[in-house]
Amino acid sequence: MLFLVTAGVVGCGALWFVKKALNLHILNNEGLRVLFIVLMSLITRLVLINIVDITPNSDFELYHTLAQAFSKGEGAGGKYVALFPHTFGYPFILGMVYRVFSPDKYFALLLNILFEAVTGILIYFLGKMISNWKVGFFAAIIWLYGPLMCFTLQLFVQSRYTHC
């Protein structure tokens with residue numbers, strides 16, 4: 001709760017400063033608000049994945065291996081996928097990305113970042129629909145910089161991407 005309050009106060013202060021000090025009315029344009037959310041998501045996460053060396057383990061390793069096999073057109077997973085069918089969807093999508101680009105974990109991280117940026121946009125529009133654009137905007141910023149940001153480095157966490 002303290003984090004959310006602090007993030008809200010810092011975010012409000014930063015936006016007030018930008019609006020007053022630079023005399024820009026940039027936040028009056030919805031397209032620019034969405035662009036701001038996307039850029040804030042992409043820039044920080046791209047810096048993060050280039051600074052931290054990520055070693056696949058646990059779910060990351062399993063899904064990475066499955067996606068590599070799917071990208072080559074091979075069946076994979078055997079009984080594990082039969083017992084846990086929820087492990088099939090995301091590795092299949094990732095396998096398509098690997099087939100187009102390369103079976104490198106970097107492309108998996110980029111896909112994860114893309115999904116998080118889209119989620120930030122959806123949170124913005126949901127908050128806007130429930131209340132107003134300010135609620136949606138701040139909810140998206142708080143979500144993008146909340147504690148879940150650490151999952152950018154741990155791909156394929158099934159509770160985030162594979163359960164409905």
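The values are calculated or read from the model by the stated rules, or taken from the named source; none is laboratory data. In this text the structure is predicted, and so the values were computed from the model without any measurement. Here the Cβ is made from the backbone with ideal geometry for all residues, glycine too, and neighbour counts use every protein chain on show. With ligands, DNA and RNA removed, areas are computed over all heavy atoms of the protein, side chains included. Shrake-Rupley method; radii C 1.70, N 1.55, O 1.52, S 1.80 Å.
Listing for the model above:
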read-out	value
Single condition PRO103 does not satisfy, out of (1) at pLDDT below 65; (2) not in a helix (DSSP H, G or I)	(1)
Pair list, Cβ < 6 Å and 6+ apart or interchain, from segment 120-149 residues that are free of Cβ contacts under 8 Å to residues at least 24 places away in the same chain and among the basic types (Lys, Arg) to residues that are part of a helix (DSSP H, G or I) and open to solvent by less than 30 Å² (accessible area, probe 1.4 Å)	LYS128/GLY136
Single unsatisfied condition, TRP133 versus (1) of a type in the set (A, V, I, L, M, F, W, C); (2) modelled with pLDDT under 85; (3) farther than 15 Å from ARG45 by Cα	(2)
